[in-house]
Every structure is written in structure tokens, then in C-alpha cells.
Amino acid sequence: MKGKMMGNWRTIDNTGKIFPATSNRRDTRVFRLYVVLKENVDGDVLQQALDKTIEKYPLFLSVIRKGFFWYYLEKSDLKPEAALESKSPCSSIYIRDKKSLLFEVTYYKNKINFEVFHALTDGTGAVEFIRELTKNYICIKHGLADVVLGDELNTEVDYETDGFDKYYENNQKVSNQKQPRTYQLHGLHCEPGTMKLNEYVFSTDELRNKARQLGVSITVLLTSVLIYSINEERRVRNKRPIGIMVPVNLRKYFPSETMMNFFGWISPYHDFSTEGTDLKDVVSSIKQRFKEGLHKENIIARMNKLVKMEKNPFLRGIPLELKIISMRLAASMSTGEITAVYSNIGALKLPDEIGGYVQRFGFFVSTPKVQMCSCSYKDEFTVSITSAFENDNIQRNFLRNLKTMGIDAKDSKTEYPKEFAKPYKGLMFVKVFTFAMIALAVITLGINYMLRPVNHWPLYTVFGAMCMWFVSILGYFKRKNLYKNAIWQQIIVTAICIIWDMMTGWKGWSVEFVFPAVNMVILISLFVISLVQKEHIRKNMIYFLMSGAIGLVPFVLLLTGCLLFPYVAMMGSIISFLVITAVIIFMWNDVKHEIMKKFHV
């Protein structure tokens, strides 16, 4: 199945659905893969390489849209641009209500960065993208013959297959295993939009040899050392186990070439109060829990549990706005089951003819906690630890414990710009405007108290300030999508006027004149927005249909005899009816397509 692809849109996979709902400034849900070359990067050549890479992976030219029940991905004609690195690592990429690509390619000196929003792909998909991008760059830069990476017979359908939907079996058992509540990290947080980043480079051979001595994999070894390092910092009175979430590539269990998210996870933990306090005790218990967690039957059961929940008819029928609240609540509750995260995407390989131009690869993720990431290239094993906390004692302990085991870190020599672009300060407008409205209300009430008049005129002033604040703030936060902004303004302004009418002794002016007049203004505004943005109406027809449907309400009120002055209401209703009729007649196929997108369950 091609991710339930319908023309120019497709559904988001099971795991990816939660990322748009839970991303924020503190956790942008963005991760970075980068490659360090042995020479400085040429921006023009990188752009050529990016254009060629996109030809192989066009699914990356997608934007996230909101439907009534689910988010979905829509193909876009936006073109990615390779730019000089200027923002803090893992800055926000997905911006609600804005049609923008979900990845960025930047460069700085001898480093090429690929950052991507997690709803688009996972670590394995990102690895394939940056390998292809690196290969194309080196071949173009040095005039080498093109090299095929992976299976050249793979098609776009293979890359866009929803692995969860393809391999889900509703008659198989689901996982009922409960995870114990774990120790939670505390401390002074970094400012929103920033994080602590520590990067180390080790010898792959040294790590592999030490892991073999202990009879474990490198992943088990580093997971154990991370747990042990965290334990050194916690208070003795806290007896909860320390648990690490470890993502698992499901392509190792199911044959799939998908570039979409297709991963599960296990959550190994160690209880220092009952299982021993020595590092060897930690390695022993983590080894056993990896063995149990990675058993195929347990992996399948856990995957089926998640997909079964998504396919529940009751849950599917819940509107997206309510789902967002539920997903945020579930994500918040699930954090109690893990202390930190460790993601190892393994060894990256390139053909010999281009591999000599590459020094190493690196990988890290935004996080609201502490997350360790690793990857290797030849004998360069890169470990990155990102943290939401100012204190980096855990990172120090991790480095020291490995050194005690005879594994010393090299100098990573990863370079970043000395200064990053300052974050957008538009939120200051919200703060200033909010303070101004509060000040207006307080001063008005104060004057009224001192003068002690008979009437209650300050209440009207306060309510007026509240209305002005609400409309202005709504316009600010919905500024990324002018069409959606217009519909919201139509609804809110009409509702406020009806409330005003009721508060001042119902005269009916709000529904007799304001309701239809606002509707006509909004319909005209939608046409103007289309002209200014040079977008065809079919791309945003759903907003014309919504505004038109709202504009028919005064006609219904006319039929019921609720309106005394029919002229304005009838004029607005006629315009609304003609807009709806024109869209349906001239763009019926597009209308059906749009309805399928917005209302797919």
C-alpha cells in the first residue's frame, strides 16, 4: 500500500501522526543528520546535488495539512534550497498553518546538514537521503561517474509504502506488557528553542572490542553506561528504576524499502535497588531486557497494539482537535515510563570511490529530556547527547565511565557558526498588546470606582477590550494561513457582535446586517488573497465552500421569519449560493478530492 496515497496527498503513518500534535518550541520533533567532508562545501554544487536527490525521493516534497479527523501529507511544488547554516540546530521546521517543506539542507565550512521533521521520515529514511545527497555532491564536485546506492529497481511506491498498515494483522495478539514508572530527570531547563549539545567521537574498533569482551552489542554497552551515568547523579532516596527508550528499525523484521516512519521501540531498564549497583550488573540486566524486547513476537505485538488503537472506529471518528488534546496528554503521561532516550542508527557506508572524501557522519535530535544518538562511519563512531537541562554532569559521567573502561574520546572538531540568527520576536507584540488591553480595562475600572457613576459603562469598555484582544491575537496566530484566518475572523466577529447585541438589549442588528455583511466581506477577501498569492481557487476551495455555507445561515433565518429586514441577508445568501454553485459545477472532481482529504478517517 502506498501510504494510502490519493492523487497528490497521502495519510501519515501510525508513528508520524503524533509529531504534528506534540511539537513545540521546547521539543521541535526535528532531528539532524550531518556529514563532515575532508574539504569545504561548495553551496552551488550542493544545490545541484539536492535537486538531483529530490528527483529520486519526491515524497520529501510534502507539506502537512489538517483534515477534520487527521493530519495528512500533501505534495507541494515548493523547491528546497541549500543554504548557509544560520539557525540553532534542530530549530522548528513544522509551523502550524504554514505550507512549508518538512526538511532543510544547510552547510557550514566542510559540513552538510540534513534536518527533518519526524512526521516525514525516521532515522533510516534520513540515512538514505543523506547518503544519496552526499554521493551526488561528491560525484558532481569531482566529476565522478554516478554510483547507484541501494536497489535501483525500487520505485516511488516502495518509498511511500505505509509499513504499519501493510504488516498490521488484526487477528494477532497485542502487547499487554506494562512498563514500571521510572526515575525522572530534574534541573534548570535551557531557554525554549535551545538545548545543550555535547558531541564525542570514539574508535569504532575500540567500542566493538569492549562490547565483545562483555558479550553484548555496542548498543547494549552504551545504553548500560548511560544508565549508570544517570544513576551517579540522582538522589539516593529515589529508588525508581532508570529506563531508556531505544527505537527499533522495523525493516529488520519486515521486508520494506519505505522512506516513511517505520520504527518501534523497546524500553530496557535497570533497578539499582534490587538488581545490583555495579556497571557489570547494569550490563547484565540490560542485555537480558534487550533480548526479550527484540524478540520478533514481542515487536509484532507492540506494533499491532499501536495500529489497532489507530484503527479503532470510535477513535477514528473523533475530530482532530480533540485527538490533539488526547495525543498531547498521552505523550505527557508516557514520559513517566522512560528516563532518557538512546537512538543508534548504526553504520553508514559509502562506495570506495566516493567514501575517501568523507571524514565521518553525525546524528542528534531535539529533546525535552536527555537523548543520546550515535552512528558510525569506518572507525569514526560519533556519539551526540542533547539535553533540555543546563547541567551536563550526566555527559561528563558518561565520558568518564567510558574512559575508565579504556575507551577514550577523540576531538570531534565539529564546527558551527559562532552566532545563530536570533529567534523570531513577533511574540513580543502579543505580550505588549495583551498588557495594553489589561491596562485599559484596569484604568477604566479604576476611574469608574473613583467617580462612582450610576451606569456601568466600564463593563462595555472591558468587554470591548477583550473582543479586540481576542480578534487580534487570533489573527496573529493564524497569520500563516490567510484563508483559515479569514474563516476564523468571520466566525468570531459574527459571534462577538451577536453577544454585543444580546448584552445591549436584543435589537437584531447583529444577524440582520452584520452577519451577512461580514460574510460578503470575507468572500471578497478570499478572492483577493487568491489573486495576491497567485494561487488557483481549487487549491483552497474548501475555505470558499465553508464561507459560503456559513453565508447561507441568514437565508435559513429568513425562511423561519426571524429577520425583519431581508435585503442585506438575501443579498449575502445569493452571493454565497452562487459561490458554492460555481465551485461545485466548475471544480466538482476537485471538490470530491478535497472532501476525501479533509474528512478521511
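Among the residues of segment 3-51, those identified as small (Gly, Ala, Ser), part of a loop (DSSP other than H, G, I, E, B) and surrounded by fewer than 23 Cβ atoms within 10 Å (Cβ to Cβ) are GLY7, SER23.
Of the residues making up segment 377-413, those that are farther than 30 Å from TYR357 by Cα and in a strand (DSSP E or B) are SER387, PHE389.
Quick check, is GLY193 among the small types (Gly, Ala, Ser), closer than 20 Å to CYS373 by Cα, touching a residue at least 12 places away in the same chain (Cβ under 8 Å) and assigned to a strand (DSSP E or B)? No; evaluated as a whole, the condition is false for this residue. Being closer than 20 Å to ASP42 by Cβ, surrounded by fewer than 21 Cβ atoms within 10 Å (Cβ to Cβ) and of a type in the set (Lys, Arg) holds for only one residue in LYS141, LYS135, and it is LYS141. The residue of segment 367-399 that is farthest from VAL127 (Cα to Cα), among those that are more than 28 Å from the chain's Cα centre (by Cα), in contact (Cβ under 8 Å) with a residue 12 or more places away in the chain and open to solvent by 20 Å² or more (accessible area, probe 1.4 Å), is ASN393. Take ILE54 and decide whether it is open to solvent by 10 Å² or more (accessible area, probe 1.4 Å) and part of a helix (DSSP H, G or I). Criteria met by ILE54. For segment 501-520, a residue qualifies if it is in a helix (DSSP H, G or I) and without any contact (Cβ under 8 Å) to a residue 24 or more places away in the chain, and the qualifying residues are ASP501, MET502, TRP509, SER510, VAL514.
Picking from VAL236, VAL220, VAL201, which residue would you name as being in a loop (DSSP other than H, G, I, E, B) and either over 19 Å from SER384 (Cβ atoms) or open to solvent by less than 20 Å² (accessible area, probe 1.4 Å) (or both)? Going through VAL236, VAL220, VAL201 in turn, just one is in a loop (DSSP other than H, G, I, E, B) and either over 19 Å from SER384 (Cβ atoms) or open to solvent by less than 20 Å² (accessible area, probe 1.4 Å) (or both): VAL236.
The helices (runs of 4 or more DSSP H) falling completely within segment 104-174 that include 2 or more residues that are more than 19 Å from GLY264 (Cβ to Cβ) map to 123-142, 156-159.
Among residues of segment 546-601 being in contact with a strand residue (DSSP E or B) (Cβ under 7 Å, 6 or more places away or on another chain) and assigned to a helix (DSSP H, G or I), the one that is surrounded by the most Cβ atoms within 10 Å (Cβ to Cβ) is LYS597. Of everything in segment 144-161 that is more than 17 Å from LEU50 (Cβ to Cβ) and charged (D, E, K, R), the residue that is surrounded by the most Cβ atoms within 10 Å (Cβ to Cβ) is GLU160.
Condition (residue is assigned to a loop (DSSP other than H, G, I, E, B) and among the aliphatic types (A, V, I, L, M)) applied to segment 263-270: is it met by at least one residue? There is no residue in segment 263-270 that is assigned to a loop (DSSP other than H, G, I, E, B) and among the aliphatic types (A, V, I, L, M).
Restricting segment 189-236 to residues that are more than 27 Å from the chain's Cα centre (by Cα) and of a type in the set (Gly, Ala, Ser) leaves a set whose member that is nearest to ASN344 (Cα to Cα) is SER217.
Counting residues in segment 326-341 that are out of contact with any Cys (no Cβ under 9 Å at 6 or more places or on another chain), touching a residue at least 60 places away in the same chain (Cβ under 8 Å), not β-branched (Val, Ile, Thr) and not in a helix (DSSP H, G or I) gives one or more.
The values are calculated or read from the model by the stated rules, or taken from the named source; none is laboratory data. The shown structure was predicted, so the numbers you read here are calculated from the model rather than taken from an experiment. Cβ: placed from backbone, ideal geometry, glycine included. Neighbour counts: every protein chain shown. Quick note on the areas: whole protein, heavy atoms, side chains included, nothing else; ligands and nucleic acids left out. Shrake-Rupley method; radii C 1.70, N 1.55, O 1.52, S 1.80 Å.
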